[in-house]
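Here, each number is a calculation from the coordinates, and none is a lab measurement. This is a predicted model, so every value here is computed, not measured. Every residue, glycine among them, receives a Cβ derived from its backbone with ideal geometry; neighbour counts consider all protein chains shown.
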Number of protein chains: 4
Amino acid sequence: MKNIAILGASGYTGAELIRLISTHGGMRIAALGANSKAGMDMADVFPFLRHLDLPSLVTIDQIDWTDIDLCFCALPHKTSQEVISQLPATLKIVDLSADFRLRDPKAYEQWYGNAHSAVQMQGEAVYGLTEFYRGQIKGARLVAGTGCNAATGQFALRPLIEAKAIDLQDIILDLKCAVSGAGRSLKENLLHAELSEGANAYAVGGTHRHLGEFDQEFSAIAGEPVRVQFTPHLIPANRGILATVYVKGDAENIHAILSASYSEETFIKVLPFGKTPSTHDTRGSNFCHIGVTGDRIEGRAIVVAALDNLTKGSSGQALQNANLMLNLPETQGLMMAPLFP
Amino acid sequence: MKNIAILGASGYTGAELIRLISTHGGMRIAALGANSKAGMDMADVFPFLRHLDLPSLVTIDQIDWTDIDLCFCALPHKTSQEVISQLPATLKIVDLSADFRLRDPKAYEQWYGNAHSAVQMQGEAVYGLTEFYRGQIKGARLVAGTGCNAATGQFALRPLIEAKAIDLQDIILDLKCAVSGAGRSLKENLLHAELSEGANAYAVGGTHRHLGEFDQEFSAIAGEPVRVQFTPHLIPANRGILATVYVKGDAENIHAILSASYSEETFIKVLPFGKTPSTHDTRGSNFCHIGVTGDRIEGRAIVVAALDNLTKGSSGQALQNANLMLNLPETQGLMMAPLFP
Amino acid sequence: MKNIAILGASGYTGAELIRLISTHGGMRIAALGANSKAGMDMADVFPFLRHLDLPSLVTIDQIDWTDIDLCFCALPHKTSQEVISQLPATLKIVDLSADFRLRDPKAYEQWYGNAHSAVQMQGEAVYGLTEFYRGQIKGARLVAGTGCNAATGQFALRPLIEAKAIDLQDIILDLKCAVSGAGRSLKENLLHAELSEGANAYAVGGTHRHLGEFDQEFSAIAGEPVRVQFTPHLIPANRGILATVYVKGDAENIHAILSASYSEETFIKVLPFGKTPSTHDTRGSNFCHIGVTGDRIEGRAIVVAALDNLTKGSSGQALQNANLMLNLPETQGLMMAPLFP
Amino acid sequence: MKNIAILGASGYTGAELIRLISTHGGMRIAALGANSKAGMDMADVFPFLRHLDLPSLVTIDQIDWTDIDLCFCALPHKTSQEVISQLPATLKIVDLSADFRLRDPKAYEQWYGNAHSAVQMQGEAVYGLTEFYRGQIKGARLVAGTGCNAATGQFALRPLIEAKAIDLQDIILDLKCAVSGAGRSLKENLLHAELSEGANAYAVGGTHRHLGEFDQEFSAIAGEPVRVQFTPHLIPANRGILATVYVKGDAENIHAILSASYSEETFIKVLPFGKTPSTHDTRGSNFCHIGVTGDRIEGRAIVVAALDNLTKGSSGQALQNANLMLNLPETQGLMMAPLFP
């Protein structure tokens, strides 16, 4: 039984980690840190966890790290790097924030607007897209969870870029994103009254921070600079990202490449050619569904990927990585079916 | 490993059973019956189950019962009694329909409008409200799953009626019900366009069939006829029943009785006095949350119970009963935390 | 053309007033006050009003009252009394806050927890439930808009209490309330992620402030103290209140009384006996639908009332009252049909 | 006062027409046709119209056309052409179906899969995109309402194609569509339980019928064949289309062209450069909001258009056209503000 600490346990990704770990079987939650709600019981912060016998929330500096095997860090961006740089140097860490996703300090500064306060650790961190960094993650001390949008787009595109099966200069990602990706933030546009019953684009024009991850990863794979167009949209749902990716290439070839790439992957399911996925079918699970279709215009293809932003896009991915780091079966605690309807 | 058959696998409760069994560990789905969609793959009927290696749908008469240990019957009312009466006489069966809930053939006929076609089995069937019929269920061959509304109301009221802690002549149940309780029926009022963004009462005036269960059970406990007022309302949500129960009695006494009654129950959680539950906190799980509060008018109390109609209200209950019938741990496969948000 | 000012124009009820007035034909919006967002254009605060040629938001003390015929005050409770007591003494005012609903300073203090700072005006204010205070409203200088829950419950009950057609000691109101009634408040439980897909009771046990209105009004009608039980529930919808009212009395008599009482009212529609209304059918309109049904238990009846909390429950009611105060046709600007689906 | 008939009054677009006409002031609804529900009262078919004094539904052949000034035909595709070809030859008709949108019989056959049964009328019909066919519509006898998706895309693109301001070979339309566009159809994927809380693409790969309209209109404007890529997505909302259009061209130039094109249009609002619209802000209204933004990749622009599919996309457009055909002010009955929240 591995001892686990979760920092940032009063947010959605922290709560999702607890949900997953509660039936994992090989992990014990030993400490829950949440500075702003320290002293509270989880049953009061998240009543849906009422049935669990959990430690009360404490401030991070109250945690005794002696017997902790791994720490999930679900803190806000920027806070995360400050906290992590103060943790014991031998502690295994899965960070769910954006702080260690970008390896290049300049890229970090460009996208996040501040100098990184733990530059030395940026190099050490392994990018947490499990299916593509599995080997490195197994031996890593610090794994940086990916952005949820970044994960979805990469599942659709990485094998295609690697195979040079598409025009690298003309990739458009149109994402439909559920609201839990914004976290438990108190903003007018996240209120039920203002979000339900409609849709809108946000972070338009190439300003969304997850573009930093796309640039880093796609350019590395291609061996040349690749810049994609990426427009996220907020839709009235709580969980789920649907990425519609417009590419130029042969649709059947694209389908074949994706099918082959993921044929051994437990969590990535490529649908039969011509079928497209729905976020309804991945909700609450660690699965990602990918569909490919052609277009009436020759040489065009559409790749659609669906996953749950809180599970496969964040906390499920984090647990998958933790399993690897702790030498546990990679899929342990992650095989629950989606919730439908 | 127990071999399981599910009849009615193309409906919501059938699919929910598959979801739950997929991580149960002690059951293997050996046959899936669904006459209208026989021949189809489950991945096409319910793409959210795509990751599972399931048998294709077959007609019921194609099923070889030889090695089946238990059959879940998730067929429509009336069809169920016809099918079940033709199944092997030694087969263990958990029926999720309404057909065997009422022990009295006349009561059945009154509420369902037709004579029962398997009267002889009505007496054999055990009422499936696990927490109150546990002993009988363990030895039963045929268990009749309760109505989802009926389960919610009984969790709130049974211990109070048994203790005579409330006025038995003046009990009002106001239920807020999510739409999946109506099943996968194609009706205008179940369309997203007509259900979302509003609320309405239905089956008003004491006409809802689950009243037959309330009458049967509450009268049996009280040892005298008890008739409650019960009005269900449809709200724009997919899973969840919130029962607001208005009773006359001492609120703190009521809370004490409920707390004591359920203190050893894994799935029934009584909240601290004065707190009330939310269906958000039970979604997708087998838990039922119950809260009690007083009112400014002395001698009045409000009991609020929340559960997921598809899980604790139907398929989760069915699996809990099946575990007992198969001599497996009662909670096996049912400990997943609710999905929030 | 009457000149209108709206204070609190950056909230939902303020915006709803602008929506309604935009096609009223007899009113011109001359000033929009909103201290916290002063200086902003309405197109930025509420882009749905972009097509209108509206004055920019100003602080309240920047408004020149010289030519203003009537002021709608859609400010928060407590702020409202402070602001209104400083407005010109001859200005006609429709207040949408709770500040002048209760005539008794002690009742105000009991329910709102602070002494009233404009006690002298409490007596002057006329309670704004148009259908029952029409005569007084016509001559009033200050009208106090009712609570939206209070309005819904009163439409269902006032004629019955007046006719003594029901047991006054045993009235239960179970309300299902959409979230816009909470205003544009930034609270976790109002986020889409936490509100959608579920339901819960709030202000349980007789603690909701609108009970002060029920007590005042029902006791006055009955000529004796009447105290009702009232439990509001939050449901995942933006507009609409459904009040399910449990009473003891003869259902057909109750239906006859309500039908007769409202037969001449434009906005109150009593459905045929046995039918119950849906909030879907009143959304965005000034109509209130009321249905009556009996119960299988003799001597019980259920009255269900539905209206849009922002329109008939608040800003529509306010406009209806303003029409009367300005000697305009009562229904002017209020005849738009509900929005369905 | 003009006498109006509506055929297909039991569907959503028929009901929306009644909603709009109810406060129009210059139209009287003289006949409501709906074969399948003939004999019913509208208050039973659509209780939200209960407050109106409407004729009961009749079969189409029961309608006396003598004094009818204009007929709205909101019948299903294919039925519409059969019915319209039998109506009096002098009757003014606004058809809301797809039957007369395509001028070329071969194109009709290609997209709709059957030969047109009223070919002679195809040439007579004027395409109903008011802002671009205003002159012809004024003198038309038969106007063919556009597809709702087709309208949204054309508002975003027509001025750009005409000005040759974008690359005509590389236009991608990604649409997010609310469910009422599918009408009152009873299909599993339109149920609340299966539509809410998720998103998916449909009619992928260039198979959606509205492409026929894009081809016809864009090619005519450009003077050369133009074929766009168009992928609609179903989102959990009832009203609204958000079109995200990816084009190659100078974003500021594009914004300038759109702003100039629509500067005199009452219903088309171009937002300041860099702002994008939300369907929340057009719901229930006849307005269309358009925003333009550049991208970090030079030479790329994103045009986002939002409107209500049932109003500006269908019944509002139809009424706007009817106003022109009847020599009434074009905006009469259409100036209601959107409903928010």
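Of the residues A:Cys71, A:Thr130, A:Leu57, the one whose Cα sits farthest towards the positive end of the charge dipole of region A:53-194 is A:Thr130 (charges of +1 on Lys and Arg Cβ, -1 on Asp and Glu Cβ, taken about the Cα centre).
Peptide packing for D:173-183, D:63-73 was compared via the average number of neighbouring C-beta atoms within 10 Å per residue; ordered from the highest value, the list is D:173-183, D:63-73.
Separation of region B:280-321 from region D:85-136 is 56 Å, based on Cα centroids.
So how many Å³ per residue does the convex hull of the Cα atoms of region D:270-335 work out to?
Looking at region D:270-335, the number lands at 98 Å³ per residue.
What percent do you get for the relative contact order of region B:149-308 when only Cα pairs under 8 Å and 6+ apart count?
It comes to 29 percent, rounded to a whole number.
In nanometres and ascending order, the distances from the C:Thr207 label point to those of the other copies are 3.8, 4.2, 5.6 (point 7 Å from Cα along Cα→Cβ).
Averaged over peptide C:168-178, the number of partner chain Cβ atoms lying within 10 Å of each residue's Cβ comes to 4. Taking GluC sites (Glu not before Pro) as exposed when DSSP calls them loop and at most 10 other C-beta atoms lie within 10 angstrom, chain A has its longest site-free stretch at A:1-263. Normalised Debye scattering of region C:104-192 at q = 0.11, 0.14 Å⁻¹ gives log10 I(q)/I(0) of -0.48, -0.77, counting only Cα atoms as equal scatterers and leaving out solvent.
Under 19 Å of direct C-alpha separation, and excluding same-chain neighbours fewer than eight residues apart, C:Lys78 reaches these aspartates and glutamates: C:Asp61, C:Asp95, C:Asp99, C:Asp104, C:Glu109, C:Glu124, C:Glu213.
Report, in debye and to the nearest 20, how large the dipole of the protein assembly as shown comes out about its Cα centre when Lys and Arg carry +1 and Asp and Glu carry -1 on their Cβ. Present the calculation step by step, with values, prior to reporting the outcome.
On the way: 112 positive and 140 negative charges, 0 e Å.
Dipole of the protein assembly as shown, to the nearest 20 debye: 0 debye.
Each listed q (0.11 Å⁻¹) maps to a log10 I(q)/I(0) for region C:149-309, found by the Debye formula over equal Cα scatterers with no solvent: -0.43. Each listed q (0.13, 0.16, 0.28 Å⁻¹) maps to a log10 I(q)/I(0) for region B:211-271 from the Debye sum over equal C-alpha point scatterers, namely -0.52, -0.80, -1.15. Expressed per residue, the C-alpha convex hull volume of chain C stands at 137 Å³. Taking each of A:Lys2/A:Lys138; A:Lys248/D:Lys187; A:Lys2/A:Lys269; C:Lys176/C:Lys312 in turn, the alpha-carbon distance tops 24 angstrom for A:Lys248/D:Lys187; A:Lys2/A:Lys269.
Here is how far apart the B:Asp104 label points are across copies: 4.8, 7.3, 7.9 nm, shortest first, using a point 7 Å from Cα toward Cβ. Each Lys and Arg adds +1 at its Cβ and each Asp and Glu adds -1 at its Cβ; summed about the Cα centre, chain D shows a dipole of about 240 debye. Our helix-only sum for chain A, with -39,500 (n - 2.57) per DSSP H run of n ≥ 4 divided by its residues, gives a mean residue ellipticity at 222 nm of -8000 deg cm²/dmol.
Remark: the protein assembly as shown projects, on average over all directions, an area of 48.6 nm² (convex hull of Cα atoms).
So how strong a dipole does region C:149-309 carry about its Cα centre when Lys and Arg Cβ are +1 and Asp and Glu Cβ are -1, to the nearest 20 debye?
The dipole magnitude comes to about 320 debye.
Restriction of the chymotrypsin sites (Phe, Trp or Tyr not before Pro) in region A:93-161 to DSSP coil positions whose beta-carbon has at most 16 other beta-carbons within 10 angstrom yields no sites. Selection among A:Thr231, A:Val303, A:Gly183 by position relative to the dipole of region A:149-308 gives A:Gly183 as farthest towards the positive end (Cβ unit charges, Cα centre).
The residue list C:Ala165, C:Leu87, C:Asn35 was ranked by how far each Cα lies along the charge dipole of chain C toward its positive end, using unit charges on Cβ atoms, and C:Asn35 comes out on top. In this assembly of identical copies, the label point of C:Asp167 (Cα plus 7 Å along Cα-to-Cβ) is separated from its counterparts by 0.5, 7.7, 7.7 nm, sorted shortest first.
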